[in-house]
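Participant: Just dropping this structure here.
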Amino acid sequence: MPHFFSIFFPLALLSISCVGAGLLILSFLSTRPRENNLIEYAVAFVLGQGVLGSLFLLPALMGWFTKPALLVVIMPLALLGAWKVGLSSQAISVAMRKHLLAYYKAPFIWQLLTFFATLLLLSGATAVAGRIDGDARAFYLALPKVIATSHRLLPLPGYEGFSSVGLLAEMQLAALFLLDMPGASPRLFSWVSGLAGAVLLAAIARKAGLGRRGQLLSVIMLLTSSAVAYFWGQGKTDLFAVVFALAGVLFALERLDGVASRKSAVLLAGVFTGFALVAKLSYIVAFLPTIFVLLFWRDIHSYWPNRRMAGAAQKLLKECSGDALIFTGALLIPLVPHLLKNYILLNTLVDTYGSHHYFSDETTRRIILTYPLWPFFGSFWGQYGNLSPLVLAFLPVLIWVLWKDRRWNAPVIAIIVAAATGLLAWIILFPSVPMPRYFLATLLLLIIPVAWAMERVSYADRWLNYGVVLAAFACILIFGKSWDKEIFRVAAAYEYLLGDQSEKNLHIDEVLSRNVYEAINQSAEPGARIYLGSFYRFWLRPDLIQCVNGKTDGEISFDAENPGKFWLQVYEHGFSYLFMDQTYPTFPALKNAPDWVHIEMIYPQSGYGGAYRLRYVNPPTKVRLATKEVSSGAWDVVPVQ
């Protein structure tokens, strides 16, 4: 089957299943964005992502995550989603004609800007032929690949503790692997989620009172934020948390409106916030204060002028307490499957992993001194991109508009205060962690007020209008050119999808790295143990990933004063192959092998690693660990009887 169909058919099937699941749940609630079909389907898609990602945990934990079981779950939902979309086809065609008419009536420069923004958004799909991020090769794509092949969920060897993270995105990627998407192509689902995120951000802008120009500018600033675009095809799952959070913001603004059913809006805001926290636990620091401010902004705003009146505080508490309980209860719903997974796999509800002490004292001081500029210009280790320069460039315009026009837009002010509150919480607690992905949804909310100001000045004066459009144009063109080797790989993606359809069309670094692992894949027998002297494992066969060194092997380390100990451990634990990254701590062991260990090179050592076969002649001890296929595709490391 051509790659185009083997990639986009599973993507479409899972996506429409998410829409069906979301629409099914929304049908029981009184609050849903009925005024726009596209927004309703985007909300349903994101809700379905959270529901299905949680639901898939159950069969995976029981060892039943097979293709028939998956199809039994998603096919009825896909049919429901397709049926619902079909029923609204007339309304969709009417809406499309309305949008096309508005596009036709817009000034030519805005038509052109809309065209290029759409082109940039669609070009993001070509990231499927780009480089895979190191974290994705280590965990975020490796775990779903193993789940799909072994039909079960177990901690990933070498990342047992880190497996306590929320796996909403990983379970969806596992479903795509199970539907036979080739290579690393399931990572493209992040781009699909990014499409939903763009729709939700435009919906938030609309809810905040922005017109078509403001909504377009909001999306452009989203697309030209490398902190967003980087994750379209790199294999990391940070965008899933972003879209959950943006959906929560949309329903928090629904409550702020006062028109919709308050309880349903609060309930959905809580559910989406819960999904966001499961997808990215760090959102508890910056996003939770943000969503609370938005939810209760109207009550706080009403209370403040009357705060000195008797009983004002009690009235505020009474009005907020009920909704706060609903929000908290709804937030806990998505956490239950996640906590249950941790308890079953790790015998704990929340495991600790990693550290937030990344930099020296001097670098930490420099980070703190560059607030608030580093999100736009910083290039610190692990930062993964910046916000659009348009946000910073037009921030003075926002200040000027707010100062000149005292009739402030209430939702815009609420968003400014909410985002500032969340960012302040992050700065106070983690001032030395300049990594936007940990609080990206809160950062992206800053786009809305800036877009509002840009829209205001575009209507105020013809030359200001030209300036806004020109700046947006320049940003799109410069951004596209700057990232054409990493994200917008149009020619390579064409070859990958429709040409010779080979993994050799991926980024050259990815091809060279994959070649080393492929040498082991072609040589190793099923269930062979690979001593992985690297953090990365995605390109290994799934059976080999399950058998690499992990927690069951304890701490195998190399000591230059006693090199024989390392090789004794390697032999006792049944390793017959080595993959060595020259930066890995045990790399010097290659030059310190004892006489009874024969190392045969099967792929030469380079900056991308090296592959070796191990042969033992008259070893001084016995093998203590071996591997066993316990069910189809599932391998365990077991003691030798």
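Participant: Once every DSSP H run of n ≥ 4 in the chain is given -39500 (n - 2.57) and the sum is divided by its residues, what mean residue ellipticity at 222 nm do you get, rounded to the nearest 500 deg cm²/dmol?
Facilitator: Numbers: 27 runs with 378 residues, N = 641.
It lands at -19000 deg cm²/dmol.
Participant: Can you give me the % of accessible surface on the chain that is carbon or sulfur? Probe 1.4 Å, all protein chains present, nothing else counted.
Facilitator: Numbers: 17810 of 27630 Å².
The computed percentage sits at 64.
Participant: On a 0 to 90° scale, report how tilted helix 262-279 is relative to the longest principal axis of the chain, with both axes built from alpha carbons and the result rounded to the nearest 10.
Facilitator: The two axes meet at around 30 degrees.
Participant: Please give the helix 563-572 orientation as an angle from the longest Cα principal axis of the chain, in degrees from 0 to 90, rounded to the nearest 10.
Facilitator: Compared with the principal axis, the helix lies near 90 degrees.
Participant: Dividing the convex hull volume of the alpha carbon atoms of region 492-641 by its residue count, what do you get in Å³ per residue? Mind dumping the intermediate values first?
Facilitator: Working: hull volume 18.1 nm³, N = 150.
With only Cα atoms used, region 492-641 gives 121 Å³ per residue.
Participant: Counting pairwise Cα distances across region 93-163, what percent come out greater than 19 angstrom?
Facilitator: Of the Cα pairs, 61 percent sit more than 19 Å apart.
Participant: Also, I was wondering about something else. Once you've got the Cα coordinates, tell me which of Lys145/Lys628; Lys67/Lys341; Lys236/Lys591; Lys280/Lys481; Lys145/Lys341; Lys565/Lys622 are over 24 Å apart.
Facilitator: Check vs 24 Å cut-off fails for Lys236/Lys591; Lys280/Lys481.
Participant: A further question on this structure: From the list (i) 1.16; (ii) 1.02; (iii) 1.95, can you say which value of Cα Rg over 2.2 N^0.38 Å was derived from the structure given?
Facilitator: (ii)
Participant: Here is a follow-up. As an exercise, take the mean of 1/r over every pair of distinct alpha carbons in region 92-241, invert it, and state the Kirkwood radius in angstroms. All intermediate terms of the calculation are to be shown ahead of the outcome.
Facilitator: Numbers: mean 1/r = 0.0583 Å⁻¹.
Value: 17.2 Å, from the Cα pair sum.
Participant: On each of the three principal axes of the Cα atoms of region 602-641, give max minus min coordinate, whole Å, ordered largest first.
Facilitator: Largest to smallest, the principal-axis extents are 37, 32, 12 Å.
Participant: What percent does the relative contact order of the chain come to when contacts are Cα pairs within less than 8 Å and at least six residues apart?
Facilitator: Working: 1029 pairs, mean separation 105.8, N = 641.
Taking the mean separation of contacting Cα pairs over the length of the chain, I get 17 percent.
Participant: I've got another one for you. Rounded, prolate or oblate for region 363-491? Axes are the square roots of the Cα gyration tensor eigenvalues, ordered a ≥ b ≥ c, and the cut-off for rounded is a/c under 1.5. Before the final figure, lay out the partial values.
Facilitator: Details: a/c = 2.25, a/b = 1.15, b/c = 1.95.
Oblate.
Participant: Over the chain, give the accessible area per residue in Å² for a 1.4 Å probe, as an integer. Write out the running numbers ahead of the final one.
Facilitator: On the way: 27630 Å² over 641 residues.
On a per-residue basis, 43 Å².
Participant: Charges only on Cβ, +1 for Lys and Arg, -1 for Asp and Glu: so what's the dipole of region 111-220 about the Cα centre, in debye to the nearest 20?
Facilitator: Values: 9 positive and 5 negative charges, 96 e Å.
Dipole about the Cα centre, nearest 20: 460 debye.
Participant: Next question, about the same structure. What's the magnitude of the charge dipole for the chain around its Cα centre, counting Lys and Arg as +1 and Asp and Glu as -1 at the beta-carbon? Answer in Debye, nearest 20. Working shown, then result.
Facilitator: Numbers: 51 positive and 39 negative charges, 444 e Å.
Dipole size: approximately 2140 debye.
Participant: Which of rounded, prolate or oblate describes region 370-422 when judged by the alpha-carbon gyration tensor and an a/c cut-off of 1.5?
Facilitator: Values: a/c = 3.26, a/b = 1.98, b/c = 1.65.
Verdict is prolate for region 370-422.
Participant: Relative to the longest principal axis of the chain, what angle (0 to 90°, nearest 10) does the C-alpha long axis of helix 212-223 take?
Facilitator: The helix 212-223 is inclined about 20 degrees to the chain.
Participant: Same structure, new question: Rounded, prolate or oblate: which fits region 573-641, taking a ≥ b ≥ c as square roots of the Cα gyration tensor eigenvalues, rounded meaning a/c under 1.5, else prolate when a/b beats b/c? Can you show the working numbers first?
Facilitator: Working: a/c = 2.40, a/b = 1.37, b/c = 1.75.
Because a/c hits 1.5 or more and a/b fails to exceed b/c, region 573-641 counts as oblate.
Participant: Separate question: Loop only by DSSP, 13 or fewer other Cβ within 10 Å of the Cβ. Give me the trypsin sites (Lys or Arg not before Pro) in region 357-433 that pass, ordered by residue number. It would help to have the intermediate numbers written out before the result.
Facilitator: Values: sites: Arg365, Arg366, Lys404, Arg406, Arg407; in loops: Arg406, Arg407.
Sites meeting the loop and neighbour criteria: Arg406, Arg407.
Participant: What list of whole percents do you get for P(r) of region 1-93, with Cα-Cα distances grouped in 5 Å bins up to the one holding the largest distance?
Facilitator: Pairs per bin, as whole percents: 3, 13, 21, 23, 18, 12, 7, 3, 1.
The values are calculated or read from the model by the stated rules, or taken from the named source; none is laboratory data. What you are looking at is a predicted structure, and each value in this text was computed from that prediction instead of being measured. All Cβ positions, even for glycine, are placed from backbone atoms using ideal geometry, and neighbour counts span all protein chains on display. Note: areas computed on protein heavy atoms with side chains; ligands, DNA, RNA excluded. Shrake-Rupley method; radii C 1.70, N 1.55, O 1.52, S 1.80 Å.
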